[in-house]
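Participant: Please read through the structure below; I'll follow up with questions.
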Amino acid sequence: MDTTTPTSTTPPTTTPVLPDDGRLTVVVVGASRGIGAAVASTFAAQGHRVVGTHRGSGTPEGVEPFELDVTDSARIAELFAHVGRTGKVDVVVVAAGVTRDAPLVRMSDEDIDTVLETNLVGPMRVVRAAASKIARGGSIVLLSSVSARLGHVGQANYTAAKAGLEGFVRTVAQEYAARFRINIVAPGPTRTDMFTDASDEARRLMEQGTPMRRVAEPQEIADVVAWVSRSTFMTGATVPVAGGLLI
């Protein structure tokens, strides 16, 4: 006897319901720099309306700024209320993240709480708010990391948060498959502030650690995020963009 509980009572929507003019409304959480800025700029260059969040540092040209801390549920609700005044949200990308690296025994409670709140709980709050605002057939893309599968010395808090994010997405994908798609893009080493601020030796190790013997550029990750957002028969997936690290 099959005791499986159906995940939906309505037929699945496999094709996005696009606005008449083809112009999407895109929300990028964490759009001030790095991968998030590249994602926001990519959608803006395609002619879409892009609202990007920041924490006081602004957003790229062509992106509507909205100041936000992902640990603030009330402010997240204000974000979607603000964007929703002109219609439904079509795409949501969450790229906000922090690191507080240290060996586990030297990791403070604040190090653990800050990383989990920003990298795991924050995206959960964003998706919870977006679930009732996003257009049917819309798309949510969260940024994780290959560290979720590989681990990384000194990043127990970070890898736990990213691994938790992947489990979260698999569950939400089942709950809302008939309404919207939700997927993860998991970059490997990328030329962001974390890379440029590292020592020469650390940068060398990151570059030589991938089979392609280099790190990604933020635009390469942004291109995959844009592609995943358009992929109409994929949900609950994690797409690695890591130069072969997961081969």
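The values are calculated or read from the model by the stated rules, or taken from the named source; none is laboratory data. Computed from a prediction, not measured in an experiment: that's the story for all the values here. Here Cβ is always computed from backbone atoms with ideal geometry, including for glycine, and neighbour counts include all displayed protein chains. The accessibility values were calculated without ligands, DNA or RNA, using every heavy atom of the protein model including side chains. Shrake-Rupley method; radii C 1.70, N 1.55, O 1.52, S 1.80 Å.
Participant: Using only the alpha-carbon atoms, how far is helix 34-45 inclined from the longest principal axis of the chain? Give it as 0 to 90 degrees, nearest 10.
Facilitator: 40
Participant: Sticking with this one: Dipole size in debye (nearest 20) for the stretch 155-206 around its Cα centre, Lys and Arg Cβ +1, Asp and Glu Cβ -1?
Facilitator: It works out to roughly 280 debye.
Participant: In the neighborhood of S139, defined by Cβ-to-Cβ distances under 10 Å, what is the net charge if each Lys or Arg adds +1 and each Asp or Glu adds -1?
Facilitator: +1
Participant: Anyone know which of V228, V89, V98 comes out most mobile in the 10 Å Cα GNM of the chain?
Facilitator: V98
Participant: Per residue, how large is the accessible surface of the chain? Use a 1.4 angstrom probe and give square angstrom.
Facilitator: Accessible surface, normalised per residue, equals 50 Å².
Participant: Continuing with the same structure: Find the all-direction average of the projected area of the Cα convex hull for the stretch 20-101, expressing the result in square nanometres with one decimal place.
Facilitator: Computed as one quarter of the Cα hull surface, the answer is 5.5 nm².
Participant: Give me the net charge for the shell around V215: Cβ to Cβ below 10 angstrom, other residues only, Lys and Arg +1, Asp and Glu -1. Walk me through the intermediate numbers first.
Facilitator: Working: positive: R191, R203, R213, R214; negative: E207, E217, E220.
Charge balance near V215 sits at +1.
Participant: Taking only DSSP H segments of four or more residues, each worth -39500 (n - 2.57), what value at 222 nm results for the chain once the sum is divided by all its residues, to the nearest 500 deg cm²/dmol? Numbers along the way, then the final one.
Facilitator: Working: 9 runs with 91 residues, N = 247.
Taken over the chain, the calculation gives -11000 deg cm²/dmol.
Participant: If I take all pairs of Cα atoms in the stretch 99-193, what percentage of them are more than 18 Å from each other?
Facilitator: Summing the P(r) tail past 18 Å for the stretch 99-193 gives 49 percent.
Participant: Using semi-axes √(5λ) of the Cα gyration tensor in Å as the read-out, say which of (i) 28, 21, 18; (ii) 43, 24, 14; (iii) 53, 27, 14 was calculated from these coordinates.
Facilitator: (i)
Participant: Roughly to the nearest percent, how much of the accessible area of the stretch 53-155 is carbon and sulfur, given a 1.4 Å probe?
Facilitator: Its accessible area is 50 percent carbon and sulfur atoms.
Participant: Here's a follow-up. Choose one answer from E67, E117, E201: the residue with the largest mean-square fluctuation in a GNM of the chain with alpha-carbon springs under 10 Å.
Facilitator: Answer for the Gaussian network model of the chain: E201.
Participant: Name the trypsin sites (Lys or Arg not before Pro) in the stretch 196-247 that are in a loop by DSSP and that have at most 11 other C-beta atoms within 10 Å, would you?
Facilitator: Loop-located and lightly packed - R213.
Participant: Please find, in a Gaussian network model of the chain (springs between Cα atoms separated by less than 10 Å), the residue of G22, G52, G154 whose mean-square fluctuation is greatest.
Facilitator: G22
Participant: Excluding A163 itself, what net charge comes from residues whose Cβ is under 14 Å from its Cβ, given Lys and Arg +1 and Asp and Glu -1?
Facilitator: Spelling it out: positives minus negatives among the neighbours equals +2.
Participant: Work out the P(r) tail for the stretch 153-247: percent of alpha carbon pairs separated by more than 18 Å, whole number.
Facilitator: Percent of Cα pairs beyond 18 Å in the stretch 153-247: 55.
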